[in-house]
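Asker: The structure that follows is given in the form of structure tokens.
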Amino acid sequence: MSTTLITVESIQEKTYNDRPFGWVGGSPVIKISNGITRVFSDSSLAIKGNDIMSVWDMIKAEQCSKALLMPYCVGDLIALKDSYTDDFQLDVILCGGQIIDNFYTQVVGVYTKNLVVVYGSTEAGFVTMRPPIQEGDTLEIGDIGGPVGGVELKTVDDSGNVLPRGVPGGLCIRSRMVFKGYFQNEEGNKVSLTGNRWFRSGDIAAITNDNNVVIQGRIKDIISRGTRKIMPDAVEDVVIQMSDLLHVAVVPVPDKRLYEEVCLCFVTDRNSDVTVDDVKRFCEEHFEVRQSADGLGERPTYYFKFDSFPMLGTGKPNKRMIKMDAENRLKNK
């Protein structure tokens with residue numbers, strides 16, 4: 001089967017991309033500087049899960065040849081593929097933002113001629129691109145391809161020692177696109193940036209002998225909901241301000257469509273009559289959804305009240321045990 005080479009420079013035709021302008025994947029800089037026509041809509045249209053064909057009709061009406069679609073959009077298209085009878089196909093769908101597997105290759109031959117997996121971040125810009133997947137090809141879970149031009153990669157252990165190829169470790173990135181640091185956040189900069197402008201991505205990965213990168217998980221305590229990265233402590237800092245709450249823990253729980261969902265677990269003061277509905281109303285008042293860039297924001301989806309939290313020796317909640325408890329409660333709902 002022939003292989004089509006697709007690079008950033010070759011994507012010169014009309015492209016659909018609904019990522020917010022302030023995110024690296026939605027930045028208008030590349031499109032403007034390369035003279036690319038971009039078609040976009042409100043990001044919340046696709047993330048809600050019941051409007052994917054409206055998005056697709058828009059792509060077709062504008063005669064786009066390429067589209068950047070998030071994994072949940074691709075999954076929604078796959079769910080409807082048996083009833084899709086239109087001859088219209090894209091040249092390529094670019095997809096990224098979370099670990100994806102061979103399931104997503106089902107769009108090839110139905111909605112697109114090629115599927116390309118990309119990887120990047122706001123801190124590091126565009127990092128890797130996997131060669132196009134065509135009909136009949138398979139995708140190893142977590143395979144994000146090799147580095148694009150000007151990008152250096154390495155994996156390190158907990159002490160910062162460089163690991164051999166094939167050995168999983170913390171993925172570090174260096175390029176001219178890597179940011180200088182977080183604004184007024186020296187603690188975050190110490191954790192994320194090392195000497196010589198290396199950025200710790202927070203991902204666990206292995207670099208293969210053929211220079212491909214395979215993502216295996218996350219190091220950082222970050223929730224990835226629909227490719228949006230949510231810091232649990234940012235949500236906790238808001239919710240703990242509610243009266244009569246003793247402990248708050250925000251944990252990720254699996255979600256078939258969005259990869260992960262935000263689950264808020266809490267413990268009240270012993271004599272408090274605060275309910276789950278009370279906490280939910282508090283979050284509805286303090287976390288904006290309609291004006292958020294992706295239509296979801298940081299508001300939790302699930303809420304669970306605990307009599308007490310399992311605690312670590314440090315006196316902090318044991319989030320691993322809390323997460324397991326929350327997952328079991330969801331299974332039994």
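The values are calculated or read from the model by the stated rules, or taken from the named source; none is laboratory data. From a predicted model like this one, the values you see are computed outputs, not experimental measurements. Here Cβ is always computed from backbone atoms with ideal geometry, including for glycine, and neighbour counts include all displayed protein chains.
Asker: Return the residues of the stretch 117-128 that are of a type in the set (Val, Ile, Thr) and either part of a loop (DSSP other than H, G, I, E, B) or outside the structural domain of PHE103 (by TED's automatic domain parsing) (or both); say none if nothing qualifies. Reasoning before the result, please.
Answerer: Let us first name the residues in the stretch 117-128 that are of a type in the set (Val, Ile, Thr), namely 117-118, 122, 127-128.
Within the stretch 117-128, just THR122 meets the criteria.
Asker: While we're on this one: Being assigned to a loop (DSSP other than H, G, I, E, B) and surrounded by 16 or more Cβ atoms within 10 Å (Cβ to Cβ) is the filter here, so list the residues in the stretch 85-109 that pass it. Please lay out each step first, then the result.
Answerer: To start, the set of residues in the stretch 85-109 that are assigned to a loop (DSSP other than H, G, I, E, B) comprises 85-89, 91, 96-101, 109.
Correct list: GLN89, ASP91, GLY96, GLY97, GLN98, ILE99, ILE100.
Asker: Out of the residues in the stretch 136-152 that are farther than 13 Å from CYS95 by Cα and free of Cβ contacts under 8 Å to residues at least 40 places away in the same chain, state the one that is surrounded by the most Cβ atoms within 10 Å (Cβ to Cβ). Reasoning before the result, please.
Answerer: If we filter the stretch 136-152 for residues that are farther than 13 Å from CYS95 by Cα, which is where we start, we get 136-138, 140-141, 146-152.
If we keep only those that are free of Cβ contacts under 8 Å to residues at least 40 places away in the same chain too, we end up with 138, 149-152.
Details: THR138: 9, GLY149: 9, GLY150: 11, VAL151: 19, GLU152: 13.
Only one residue fits best here, namely VAL151.
Asker: Here's something else I'd like to know. Taking GLY202 as meeting all but one of (1) outside the structural domain of ILE100 (by TED's automatic domain parsing); (2) surrounded by fewer than 21 Cβ atoms within 10 Å (Cβ to Cβ); (3) in contact (Cβ under 8 Å) with a residue 12 or more places away in the chain; (4) not aromatic (Phe, Trp, Tyr), write down the number of the exception.
Answerer: Here GLY202 clears every test but (1).
Asker: Ok, one more. Criterion first (closer than 23 Å to SER121 by Cα and either within 22 Å of the chain's Cα centre (by Cα) or not basic (Lys, Arg) (or both)) does SER43 satisfy it? Give the steps one after another, and end with the answer.
Answerer: On the way: closer than 23 Å to SER121 by Cα: yes; either within 22 Å of the chain's Cα centre (by Cα) or not basic (Lys, Arg) (or both): yes.
In short, yes.
Asker: Next up: Please verify whether the stretch 314-327 includes one or more residues that are of a type in the set (D, E, K, R) and part of a strand (DSSP E or B).
Answerer: Within the stretch 314-327, the subset of a type in the set (D, E, K, R) is 316, 319-320, 323, 325, 327.
Next, only the ones that are part of a strand (DSSP E or B) stay: none.
Within the stretch 314-327 (the criterion being of a type in the set (D, E, K, R) and part of a strand (DSSP E or B)), the answer is no, since none of the residues qualifies.
Asker: Considering only the stretch 156-165, I want to know if a residue exists there that is exposed (fewer than 14 other Cβ atoms within 10 Å of the Cβ), out of contact with any helix residue (DSSP H, G or I) (no Cβ under 8 Å at 6 or more places or on another chain) and hydroxyl-bearing (Ser, Thr, Tyr).
Answerer: Yes, the conditions are met somewhere in the stretch 156-165.
Asker: I need the full set of residues from the stretch 39-56 which are surrounded by fewer than 19 Cβ atoms within 10 Å (Cβ to Cβ) and polar (S, T, N, Q), in order please.
Answerer: Once the filter is applied, which keeps residues that are surrounded by fewer than 19 Cβ atoms within 10 Å (Cβ to Cβ) and polar (S, T, N, Q), the stretch 39-56 yields SER41, SER44, ASN50, SER54.
A quick yes/no check of all residues on (1) assigned by TED's automatic domain parsing to the domain that holds LEU69; (2) under 20 Å from GLU123 (Cβ atoms); (3) not hydrophobic (A, V, I, L, M, F, W, C):
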position: ASN211; (1), (2), (3): yes, no, yes
position: MET231; (1), (2), (3): no, yes, no
position: LEU246; (1), (2), (3): no, no, no
position: VAL253; (1), (2), (3): no, no, no
position: VAL267; (1), (2), (3): no, no, no
position: SER272; (1), (2), (3): no, no, yes
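Asker: If you take the residues in the stretch 248-274 that are among the aliphatic types (A, V, I, L, M) and not in a strand (DSSP E or B), which one is farthest from TRP23 (Cα to Cα)?
Answerer: Just the residues of the stretch 248-274 that are among the aliphatic types (A, V, I, L, M), to begin with: 248-251, 253, 258, 262, 264, 267, 274.
Right, trim to not in a strand (DSSP E or B) and you get 258, 274.
Working: LEU258: 18, VAL274: 37 Å.
It comes out as VAL274.
Asker: In the stretch 275-298, what residues are modelled with pLDDT under 95 and either among the aromatic types (Phe, Trp, Tyr) or assigned to a loop (DSSP other than H, G, I, E, B) (or both)?
Answerer: Matches in the stretch 275-298: PHE287, GLU288, VAL289, ARG290, GLN291, SER292, ALA293, ASP294, GLY295, LEU296, GLY297, GLU298.
Asker: Give the number of residues within the stretch 1-19 that are modelled with pLDDT of 85 or more and surrounded by fewer than 18 Cβ atoms within 10 Å (Cβ to Cβ). I'd like the intermediate steps shown before the answer.
Answerer: Within the stretch 1-19, the subset modelled with pLDDT of 85 or more is 14-19.
With surrounded by fewer than 18 Cβ atoms within 10 Å (Cβ to Cβ) added as a condition, the list becomes 14.
Result for the stretch 1-19: 1.
Asker: Determine whether the stretch 165-187 contains at least one residue that is among the aliphatic types (A, V, I, L, M), farther than 22 Å from SER224 by Cβ and assigned by TED's automatic domain parsing to the domain that holds GLN98.
Answerer: Yes, the conditions are met somewhere in the stretch 165-187.
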